[in-house]
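Taking it in order: structure first as structure tokens, then the write-up.
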Amino acid sequence: MTKPFLLSMALIPAAVSALAQPASQPGYPIGPVPFTSVKIAPDSFWGQRLKASREVTIPLAFSKCESEGRYENFVKAGKQMHSPVNLGYEVKGFSFDDTDVYKTIEGASYVLQTYPDKKLERYIDSVLVIVAAAQEPDGYLYTARTMNPERPHAWAGERRWVKDEELSHELYNLGHMVDAAVAHYQATGKRNFLDIAVKYANCVVREVGAGPGQACVVPGHQIAEMALARLYLATGEKKYLEEARFFLDERGKTAYREAYNQTHLPVLEQEEAVGHAVRAAYMYAGMADVAALTGEEGYVHAIDRIWENIVSKKLYITGGIGATSAGEAFGANYELPNLTAYCETCAAIGNVYVNHRMYLLHGDAKYYDVLERTLYNGLISGVSLEGNAFFYPNPLESMGQHQRQAWFGCACCPSNICRFIPSVPGYVYAVKDNALYVNLFMPNTMKQKVLGKEVVLSQRTAYPWNGDVELEVDKTALRKEMALKIRIPGWVRGEVVPSDLYAFADDVSLGYSVLLNGEKVESELVDGYFVITRKWKKGDKVRVHFDMAPRVVKAHAAVAADQGRVAVERGPIVYCAEWPDNPGFSIHSVLLNQRPHFREAVPLAPVGPATAPGTAAFPAPAGPVAVPATPSGFGGFVTLSAPAQALSFGPDGRLITRDVELTLIPYYAWCHRGPGEMLVWLPQTLQAIGTELSNTLEHNIFFQ
Ligand code: FUB
Ligand code: ZN
């Protein structure tokens, strides 16, 4: 760990007022600029996603909490608690269904911070009344037991906590509750949720631990570690941080030891990412948070090792993690199947959490390369463009068996999307001392103190569709030098991921340039950043240009599933072939040319308009062909096409090849036009296509 990390510990206030909107991850050497300080242009790529989240996803999730019995569980628990007799409620669903309510409130609270909405606030207050009514007098809040203590949920165990290391999720529910309650408090200043969460957290601190009479258990599903660290910051109560630390330090030392939930070894001894991917990612993120707040370097060494293992052996090209549905888990090293890839949406969110925190600890742009890859591909693939249909697994290949759904019995992914998307603006910038980091590219205006002085910066760009980014200092009260650190993405520098798991396999070479007030400037990259240090003044402009072109990627020879195949990406976007754009042949029987030449098509409608709020338009994306977005709104992105050969068998059994044009769309946008074939890794050899054809055959036999 670097020195500044430890030095920064001295700067941590004992308690950070939740309302003060500090950099959102105190304790870290680098502080992210909070999402509340970054206003994204409404009509942009991310502006559209934020709007869909606000206007569609979150209302939809609340309505599902109503119709799918999530609220009813709280009501039943409340009634049972006040009844002298057992009301005989049958405990249905999952033992963590309460968290759908919490996660949706968390997302709505983030929305309230940027879009105050009294009606929404009142709605949440009314939900909190039934949540509060379900809380037992000593703070315990777990409807799956309280609604029928004699016959609780099958996973709950006979007594509190006894099954938490397996599947009761009592501590998982606490984690999501705390995250949501702190967010709600920060948004509204009201304590009605925070008080509930504090009461449950106090119950846990009292009853779970290594002391006499306590249950010595750790969370069967991690998240409480991150959440309790956050509660410590919101309240200043050290006991929450200590409990989070207990959860980490005791892991792998209690009676229950399973790789499934990373209890196979003490956390400090873990080296490989194993087991349930969401649990794992949340644990690694929790280790980073607790390390940042306690100075415990052992956690950092452990997650450094595990991160290496993930990026070099267990990461999909889409940034997805968790290869197998068996245990929703990481596979073995290099086990990255495409058709059966699990890549749960929640795991992609977890991967963003981990890489963000690794960056905040170490300050290297490589973590953002992984974060950006995950964000633009395997994460947003989990929610439709309209915000109303979700994927739980995000496979990299389909025969048509996958379909987006409006909700799931186990609804962890849609409700996680509710809380993640509104927080995206908080990933764009960060500060450390006199440095302002520009980590993601999207049109916005940002207001942040650097060395205690306000700096207002605007960013104009049509990224991810073109690589022109303009940064302008709109205001600065800073008289000293500020180092503007602009991330130069790995995909421009010729590095697909920070490992040898994937490599570009073409002779394209991309460059970038930076102009300061019209003059070209040069800088050695420092940890992946282009640095301009100067006394900035209002009106200073930096123009960054990243060459953006379709690139062909190959996987490491040990990834059996990708041999003889290539993936195609352009900028941060991974592409796929999907059936509607490729009529007349099966995309599973197509051979891409060895040196494919791609044609780009950009929509006539602007591809993620390039303006920051209140500013004039900046270079419109250009391309050789312009196509209109469909009336349904599908589109608005760059498509690619390349010559290929479609193979089929003639009536006499002979192989027929036909020249076709294979069209590719961004992976995140697949399955908006009904189920059907989709493929990310495109065959380039007959051997690979042989596997495809036998996959198709097996699928047809299996599904007919
Ligand atoms: O166990 C709670 C959530 O349900 C997990 O995070 C998801 O993987 C799903 O199993
Ligand atoms: Zn999920």
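The values are calculated or read from the model by the stated rules, or taken from the named source; none is laboratory data. Values in this document were obtained by computation on a predicted structure and should not be read as measured data. For neighbour counting, all protein chains shown are included, and Cβ atoms are generated from backbone atoms with ideal geometry for every residue, glycine included. Ligands, DNA and RNA are excluded from the accessible area calculation, which covers all protein heavy atoms including side chains. Shrake-Rupley method; radii C 1.70, N 1.55, O 1.52, S 1.80 Å.
Please identify the pairs in which a residue from segment 487-501 that is under 13 Å from Gly319 (Cα atoms) has its Cβ atom under 6 Å from the Cβ atom of a residue that is in a loop (DSSP other than H, G, I, E, B), counting only partners at least 6 apart or on another chain.
Pairs that qualify, where the first residue is under 13 Å from Gly319 (Cα atoms) and the partner is in a loop (DSSP other than H, G, I, E, B), are Leu501/His556.
Spot the failing condition for Asp581; the list is (1) over 26 Å from Phe441 (Cα atoms); (2) crowded, with 18+ Cβ neighbours inside 10 Å; (3) of a type outside the set (A, V, I, L, M, F, W, C); (4) touching a Ser or Thr at 6+ places or on another chain (Cβ under 7 Å), and only one is missed.
(2)
Would you be able to tell me the number of residues in segment 330-373 that are in a helix (DSSP H, G or I) and within 16 Å of ligand 1 (Cβ to nearest atom)?
10
Filter segment 29-46 down to the residues that are surrounded by fewer than 21 Cβ atoms within 10 Å (Cβ to Cβ), at pLDDT 95 or above and closer than 24 Å to Gly636 by Cβ and list them by number.
Lys39 - this is the single residue of segment 29-46 that is surrounded by fewer than 21 Cβ atoms within 10 Å (Cβ to Cβ), at pLDDT 95 or above and closer than 24 Å to Gly636 by Cβ.
Taking only segment 388-403 into account, find how many residues are within 16 Å of ligand 2 (Cβ to nearest atom), in contact with a helix residue (DSSP H, G or I) (Cβ under 8 Å, 6 or more places away or on another chain) and more than 23 Å from Pro422 (Cα to Cα).
Residues meeting the conditions: 0.
Check segment 62-83 and report whether any residue there is surrounded by 19 or more Cβ atoms within 10 Å (Cβ to Cβ), more than 16 Å from ligand 2 (Cβ to nearest atom) and part of a loop (DSSP other than H, G, I, E, B).
The answer is no, given that none of the residues of segment 62-83 is surrounded by 19 or more Cβ atoms within 10 Å (Cβ to Cβ), more than 16 Å from ligand 2 (Cβ to nearest atom) and part of a loop (DSSP other than H, G, I, E, B).
All but one of (1) under 21 Å from Phe420 (Cα atoms); (2) open to solvent by 50 Å² or more (accessible area, probe 1.4 Å); (3) within 16 Å of ligand 2 (Cβ to nearest atom) hold for Arg230; which doesn't?
Arg230 satisfies all of (1) under 21 Å from Phe420 (Cα atoms); (2) open to solvent by 50 Å² or more (accessible area, probe 1.4 Å); (3) within 16 Å of ligand 2 (Cβ to nearest atom) except (3).
Do we find that Met283 is of a type outside the set (D, E, K, R) and within 16 Å of ligand 1 (Cβ to nearest atom) in this structure?
When the stated conditions are applied, Met283 passes them.
Within segment 402-411, take every residue that is out of contact with any Leu (no Cβ under 9 Å at 6 or more places or on another chain) and surrounded by fewer than 24 Cβ atoms within 10 Å (Cβ to Cβ) and give me the one that is farthest from Thr57 (Cα to Cα).
Looking at the filtered set, the residue picked out is His402.
Only one of these is modelled with pLDDT of 95 or more and touching a helix residue (DSSP H, G or I) at 6+ places or on another chain (Cβ under 7 Å): Glu55, Glu106, Glu90, Glu68. Name it.
Answer to the selection: Glu106.
Out of curiosity, is Ile310 among the hydrophobic types (A, V, I, L, M, F, W, C), part of a helix (DSSP H, G or I) and more than 16 Å from ligand 2 (Cβ to nearest atom)? Working first, answer last.
Details: among the hydrophobic types (A, V, I, L, M, F, W, C): yes; part of a helix (DSSP H, G or I): yes; more than 16 Å from ligand 2 (Cβ to nearest atom): yes.
When the stated conditions are applied, Ile310 passes them.
Take the residues of segment 248-274 that are open to solvent by less than 10 Å² (accessible area, probe 1.4 Å) and within 16 Å of ligand 1 (Cβ to nearest atom): which is farthest from the chain's Cα centre (by Cα)?
Thr263
In segment 317-329, is there at least one residue being in contact with a strand residue (DSSP E or B) (Cβ under 6 Å, 6 or more places away or on another chain), part of a strand (DSSP E or B), open to solvent by less than 20 Å² (accessible area, probe 1.4 Å) and under 28 Å from Met678 (Cα atoms)?
Within segment 317-329, one or more residues are in contact with a strand residue (DSSP E or B) (Cβ under 6 Å, 6 or more places away or on another chain), part of a strand (DSSP E or B), open to solvent by less than 20 Å² (accessible area, probe 1.4 Å) and under 28 Å from Met678 (Cα atoms).
List pairs: first in segment 643-655 and closer than 12 Å to His588 by Cβ, second at pLDDT below 90, Cβ under 7 Å, 6+ apart or cross-chain?
Leu647/Leu655; Leu647/Ile689
Looking only at segment 417-446, which residues are under 21 Å from Ala52 (Cβ atoms), among the hydrophobic types (A, V, I, L, M, F, W, C) and crowded, with 23+ Cβ neighbours inside 10 Å?
Ile417, Cys418, Phe420, Ile421, Leu440, Phe441, Met442
Give the residues of segment 106-163 that are over 21 Å from Pro414 (Cβ atoms), charged (D, E, K, R) and surrounded by 24 or more Cβ atoms within 10 Å (Cβ to Cβ), sorted by residue number.
Arg145
Please work out which residue is modelled with the lowest pLDDT, limiting yourself to segment 675-695 and to residues that are within 32 Å of the chain's Cα centre (by Cα) and open to solvent by 30 Å² or more (accessible area, probe 1.4 Å).
Selected residue: Asn695.
Do the conditions hold for Gly494, that is, is it more than 26 Å from Ala549 (Cβ to Cβ) and open to solvent by 30 Å² or more (accessible area, probe 1.4 Å)? Break it down stepwise before answering.
Details: more than 26 Å from Ala549 (Cβ to Cβ): no; open to solvent by 30 Å² or more (accessible area, probe 1.4 Å): yes.
No.
Filter segment 409-457 down to the residues that are part of a loop (DSSP other than H, G, I, E, B) and more than 16 Å from ligand 1 (Cβ to nearest atom) and list them by number.
Val428, Asp433, Asn434, Asn439, Leu440, Phe441, Met442, Pro443, Leu451, Gly452
Which residue is farthest from Ala302 (Cα to Cα), if the candidates are limited to segment 353-387 and must be within 16 Å of ligand 2 (Cβ to nearest atom) and buried (at least 24 other Cβ atoms within 10 Å of the Cβ)?
Val383
Could you run through segment 333-352 and say how many residues are within 16 Å of ligand 2 (Cβ to nearest atom), over 12 Å from Tyr427 (Cα atoms) and among the hydrophobic types (A, V, I, L, M, F, W, C)?
The number of residues fulfilling the criteria is 6.
Among (1) closer than 20 Å to Cys410 by Cβ; (2) more than 16 Å from ligand 1 (Cβ to nearest atom); (3) surrounded by 16 or more Cβ atoms within 10 Å (Cβ to Cβ), there is one condition Ser95 misses while meeting the rest; what is its number?
(2)
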